[in-house]
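Student: Have a look at this one.
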Amino acid sequence: MCGIVGYIGPREAYPIVVEGLKRLEYRGYDSAGIALFDGTELKVAKTKGKVADLEDRASKEITRHGNVGIGHTRWATHGVPNDVNSHPHVSNSGELVIIHNGIIENYESLKQELITRGYSFQSDTDTEVLINLIEDVKKQENVKLGKAVQIALNQVIGAYAIAVFDKNKPEEVVVARLGSPLAIGIGENEDEFFIASDASPFIEYTKNAVYLEDEEMAVIRFHKGIKIRKIKDDSLVDTYVQELQINLEQIEKGGYDHFMLKEIHEQPKAITDTYRGRLLTNEAIIKMAGIEDNMKKFLNADRIIIVACGTSWHAGLVAEYIFENLARVPVEVEYASEFRYRNPVITEKDVLIAISQSGETADTLAAIKLAKSKGAFIFGVCNVVGSSIARESDAGAYTHAGPEIGVASTKAFTTQITVLTLIALRLARAKGTISSSDFRTHLLELEMIPKKVEKALQSDGLIQTISEVYKNASNFLYLGRGYNFPVALEGALKLKEISYIHAEGYPAAEMKHGPIALIDENMPIVVIATKKGHYEKVVSNIQEIKSRKGKIIGVVTEGDTQVKGLADHVIEVPETLELLSPLLTTIPLQLLSYHIAVMLDKNVDQPRNLAKSVTVE
Ligand code: F6R
């Protein structure tokens with residue numbers, strides 16, 4: 001949450017920082033700000049609102065020149081989103097300036113101490129406390145900026161990714177991280193440096209990046225390079241430069257109106273990229289290095305614990321059904337935020353799978369650390385390569401979905417399910433819980449899924465018509481059973497987060513234990529009623545809804561006639577194995593929420609109050 005961008009080098013910093021902030025807006029968009037140094041003057045512009053508002057303000061308030069710049073797009077934690085609370089924050093002397101992503105938990109006591117020493121504060125933020133603490137240390141101890149940042153951070157409890165510079169020494173920017181990501185892009189010949197929460201702001205300038213680890217800081221000096229140290233003990237750390245895998249095209253809209261729509265349509269390719277090189281149908285094998293190298297851990301595990309949040313948690317629920325069915329291993333799926341705080345029983349025989357698109361979700365990361373400390377084996381399923389969760393895991397498998405920029409997760413969900421299905425199938429084969437012919441059938445069918453997703457996407461026009469009918473509903477209910485119960489949860493989440501319509505997902509059979517009371521002629525109910533698995537039972541549920549006059553939108557298997565005769569609308573998806581059906585049934589639900597949100601004129605890619613990467617707990 002919050003995006004930070006910085007530049008130091010021979011170019012004008014303003015366009016690089018502002019364009020970078022636009023790419024990081026998915027991390028938060030409550031307010032935005034920039035600080036530039038042009039050789040004589042420190043200039044700061046900041047405002048409540050989006051980066052576009054910042055551009056407007058900056059054009060009126062500051063000359064936008066300077067070769068050193070830092071910028072911020074905020075997801076508010078301490079202090080309401082307003083101009084004063086926006087970053088960057090400047091120290092009392094006017095010399096030091098900071099941007100910060102994270103939370104300083106002990107800021108109140110630090111603030112009181114600074115007030116007794118004569119400091120005053122304009123904002124309600126923890127960040128303004130931090131920059132004045134750095135200033136105070138710098139003065140009291142008479143040390144350079146890097147040292148002052150290090151001493152100050154050792155007094156801080158919380159999480160941060162920061163960038164700080166001193167207008168008296170603008171050829172140097174100090175950065176540090178604990179719990180929030182920070183990447184440093186290194187220009188050719190080390191003559192320019194980029195700082196960002198992820199690499200997207202600088203990919204057109206360099207493919208070389210260094211990712212700071214937790215508890216590391218770096219002093220970046222124009223023409224002199226980077227020095228990385230451990231914040232706690234001051235020891236030097238080797239600079240490990242990675243080559244970036246993403247390109248500019250992947251993070252642009254490519255002709256679609258929104259990133260979310262682009263990402264929905266990318267799913268056939270994303271799923272193919274996920275199983276490419278892993279699903280070898282000709283040889284009838286699944287090859288995944290992270291599993292092969294750790295097969296014993298998986299085979300000896302008493303159970304698998306899956307931890308995740310939000311959409312990734314829904315993918316974990318689908319995986320629970322798949323793992324238990326195919327590999328006959330007990331699975332528990334946990335909200336990372338609950339798991340980490342409830343003193344769970346974890347043993348060395350547990351395998352913990354952490355699922356996270358961003359790989360940065362604070363609760364999931366903390367859950368991993370907890371399980372690791374108790375000796376569990378940690379397997380990460382992440383999308384963002386090199387992310388904190390990927391690095392903290394003992395082994396893992398990337399989803400290879402490509403960058404997901406729309407705040408509402410779409411292709412991350414289907415690719416997570418794809419990876420988890422591959423793992424379950426591989427384990428089932430190793431355990432002998434699936435016959436070779438069934439195994440082969442599953443591989444062949446999984447290979448067909450991208451084509452079938454393409455077909456499911458063709459219902460777009462019909463879904464627009466249905467969206468038009470129900471766009472003004474105040475509530476929606478989503479029902480599904482078995483593998484499609486988590487899809488119902490996911491469909492409801494998608495609608496809530498981008499259209500702000502209240503929606504609930506329920507196991508279809510649970511409807512009669514409460515939610516049925518909500519049903520009347522104003523209530524649209526999306527029912528996933530694909531053939532196989534409990535079909536007849538779901539049909540009975542549909543009848544129960546119908547007799548209470550609820551409006552039924554059925555998601556059915558191609559050629560279905562029974563539900564068609566009962567429902568107000570049906571959306572068909574191609575037939576597949578029941579276990580793979582979530583990869584298809586989720587597509588119309590994504591499109592439904594997308595079209596309703598667009599018709600209601602909501603900001604689809606940046607829904608209110610949300611952020612793509614939730615690095616606060
Ligand atoms: C919903 C959504 C969130 C995320 C959740 C976990 O569309 O995007 O619910 O799924 O914040 O994020 P990751 O997967 O990055 O850990």
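Student: Of Arg117, Arg340, which has the most accessible area and how do the rest follow, probe 1.4 Å?
Tutor: Arg117, Arg340
Student: Moving on to the next point. Return the carbon/sulfur percentage of the accessible area of the chain, one whole number, probe 1.4 Å, all protein chains in place.
Tutor: Here carbon and sulfur together make up 47 percent of the probe-accessible area.
Student: To one decimal place, what Kirkwood hydrodynamic radius in Å is obtained for the stretch 115-193 from all pairs of distinct Cα atoms?
Tutor: This gives a value of 13.9 Å.
Student: For a protection proxy built on the mean count of beta-carbon atoms within 10 angstrom, sort 396-408, 65-77 highest first, please.
Tutor: Averaged packing, sorted descending, gives the order 65-77, 396-408.
Student: Using a cut-off of 19 Å between alpha-carbon atoms, which aspartates and glutamates can reach Lys297, once sequence neighbours fewer than 8 places away in the same chain are excluded?
Tutor: Straight-distance partners of Lys297: Glu320, Glu324, Glu332, Glu348, Asp350, Glu392, Asp394.
Student: Right, another one. Need one number: nm distance between label points at Asn472 and Gln140, each 7 Å from Cα along Cα→Cβ, rounded to one decimal.
Tutor: 6.3
Student: Let me ask you something else. May I ask you to rank Arg27, Arg608 by accessible area, largest first, using a 1.4 Å probe over the protein chains only?
Tutor: Arg608, Arg27
Student: Using only Cα atoms, locate the centre of the stretch 277-328 and the centre of the stretch 458-477, then give the distance between them in Å, rounded to an integer.
Tutor: Between the Cα centre of the stretch 277-328 and that of the stretch 458-477, the gap is 35 Å.
Student: For Glu544, Glu521, give me the order by solvent-accessible area with a 1.4 Å probe, most accessible first, ignoring ligands, DNA and RNA.
Tutor: Highest to lowest solvent-accessible surface, that is Glu521, Glu544.
Student: A further question follows. May I have the pair-distance distribution P(r) for the stretch 87-157, computed from all Cα-Cα distances with 5 Å bins from 0 and rounded to whole percent?
Tutor: All Cα pairs, binned at 5 Å, distribute as 3, 18, 32, 30, 15, 2 percent.
Student: Tell me the label-point distance for the pair Ala284, Ser373, using the 7 Å Cα-to-Cβ offset, in nm and rounded to one decimal.
Tutor: Each label point is offset 7 Å from its Cα along the Cβ direction, giving 4.8 nm.
Student: Cα gyration tensor of the stretch 135-261, axes a ≥ b ≥ c as square roots of the eigenvalues: rounded (a/c below 1.5), prolate (a/b > b/c) or oblate?
Tutor: Prolate shape, in that a/c is at least 1.5 and a/b is the bigger ratio.
Student: How many percent of the alpha carbon pairs in the stretch 41-177 exceed a separation of 20 Å?
Tutor: 43
Student: List the pair-distance distribution P(r) of the stretch 300-344, using every Cα-Cα distance, as the percent of pairs falling in each 5 Å bin from 0 up to the bin containing the longest distance, rounded to whole percents.
Tutor: Final binned percentages: 6, 24, 28, 22, 15, 5, 0.
Student: Over every pair of different alpha-carbon atoms in the stretch 209-361, take the mean of 1/r and invert it; report that Kirkwood radius in Å.
Tutor: Over the stretch 209-361, the inverse of the mean reciprocal pair distance is 19.7 Å.
Student: So how much slack lies between Asn168 and Lys537, counting 0.36 nm per residue of separation and subtracting their Cα-Cα distance, in nm?
Tutor: The Asn168-Lys537 span can extend by a further 125.6 nm.
Student: Hey, another quick one. Which of Val487, His72, His595 sits closest to the plus end of the dipole of the chain, meaning its Cα is farthest towards the positive end, when Lys and Arg get +1 and Asp and Glu get -1 on the C-beta?
Tutor: Val487
Student: Could I ask something else about it? What area, in nm² and to one decimal, does the C-alpha convex hull of the stretch 1-51 cast on average over all directions?
Tutor: Mean projected area for the stretch 1-51: 3.4 nm², to one decimal.
Student: Figure the gain on full extension for Lys546 and Glu41 (residue separation times 0.36 nm, minus the Cα-Cα span) and round it to one decimal in nm.
Tutor: Extending this stretch completely gives an extra 174.8 nm.
Student: For the stretch 476-614, what Kirkwood radius comes out of the mean inverse Cα-Cα distance, in Å?
Tutor: One decimal place: 15.1 Å for the Kirkwood radius.
Student: Given the Cα-Cα distance of Asp257 and Thr63 and 0.36 nm per residue of separation, how much length would full extension add, in nm?
Tutor: 66.6 nm
Student: Where a Cα-Cα gap under 21 Å defines reach, which lysines qualify for Lys602, not counting those fewer than 8 residues away within the same chain?
Tutor: Result set, ordered by chain and number: Lys22, Lys48, Lys50, Lys253, Lys262, Lys411, Lys471, Lys494, Lys496, Lys612.
Student: Also: Sticking with the crude label model, points 7 Å out along Cα→Cβ, report the distance from Lys224 to Gln245 in nm, one decimal please.
Tutor: A separation of 3.6 nm, rounded to one decimal place.
Student: How big is the convex hull of the Cα atoms of the stretch 1-119, per residue, in Å³?
Tutor: Given the Cα convex hull of the stretch 1-119, per-residue volume reads 99 Å³.
Student: Using a 1.4 Å probe and ignoring any ligands, DNA or RNA, find the accessible area of Tyr14 and quote it in Å² to the nearest 10.
Tutor: Near enough 20 Å² of accessible area.
Student: In the chain, if the dipole is taken from +1 on Lys/Arg beta carbons and -1 on Asp/Glu beta carbons about the Cα centre, which of Leu153, Val137, Ser120 is farthest to the positive end?
Tutor: So the residue furthest toward the plus end is Leu153.
Student: Okay, next question. If the reach is capped at under 20 angstrom between alpha carbons, list the lysines near Lys512, excluding any in the same chain fewer than eight residues apart.
Tutor: By straight Cα distance, Lys512 reaches Lys537, Lys546, Lys549, Lys551.
Student: Would you be so kind as to identify which of Ala390, Ser373, Ala401 lies farthest towards the positive end of the dipole of the stretch 363-404, taking Lys and Arg as +1 and Asp and Glu as -1 on Cβ and the Cα centre as origin?
Tutor: Farthest towards the positive pole: Ser373.
Student: Determine Rg/Rh for the stretch 227-310; Rg is computed over alpha-carbon atoms and Rh is the Kirkwood hydrodynamic estimate from the same atoms.
Tutor: Here Rg/Rh amounts to 1.11.
Student: Rule-of-thumb check for the stretch 340-428: C-alpha Rg over 2.2 N^0.38 Å?
Tutor: Normalised Cα radius of gyration, the stretch 340-428: 1.08.
Student: For the chain, report the % of Cα-Cα distances exceeding 38 Å.
Tutor: Here the long-distance tail beyond 38 Å is 36 percent of all Cα pairs in the chain.
Student: Could I ask something else about it? Between Ser436 and Glu324, what's the calculated FRET efficiency when r is the beta-carbon distance and R0 is 25 Å? Round to 0.05.
Tutor: According to the calculation, E is roughly 0.75.
Student: Relative contact order (percent) for the chain, with alpha-carbon contacts under 8 angstrom and 6 or more residues of separation?
Tutor: 12
Student: Suppose every K and R has +1 on its Cβ and every D and E has -1 on its Cβ; what is the size of the dipole of the chain about the Cα centre, in Debye to the nearest 20?
Tutor: Charge dipole, the chain, about its Cα centre: 860 debye, nearest 20.
Student: While we're on this one: Per residue, how large is the accessible surface of the stretch 463-602? Use a 1.4 angstrom probe and give square angstrom.
Tutor: For the stretch 463-602, the per-residue accessible area is 36 Å².
Student: Sort 143-155, 281-293, 493-505 by packing, meaning the average of other beta carbons within 10 Å per residue, with the highest value first.
Tutor: Ranking, from highest mean packing down: 493-505, 143-155, 281-293.
Student: While we're here: Rounded if a/c is under 1.5, else prolate if a/b beats b/c, else oblate: with a ≥ b ≥ c from the C-alpha gyration tensor eigenvalues square-rooted, which is the stretch 479-530?
Tutor: oblate
The values are calculated or read from the model by the stated rules, or taken from the named source; none is laboratory data. The structure presented is a predicted model; accordingly, all values stated were derived computationally and were not measured. Cβ coordinates were reconstructed from backbone atoms using ideal geometry, including for glycine residues, and neighbour counts include every protein chain displayed. Surface areas here come from the heavy atoms of the whole protein model, side chains and all, with no ligands, DNA or RNA. Shrake-Rupley method; radii C 1.70, N 1.55, O 1.52, S 1.80 Å.
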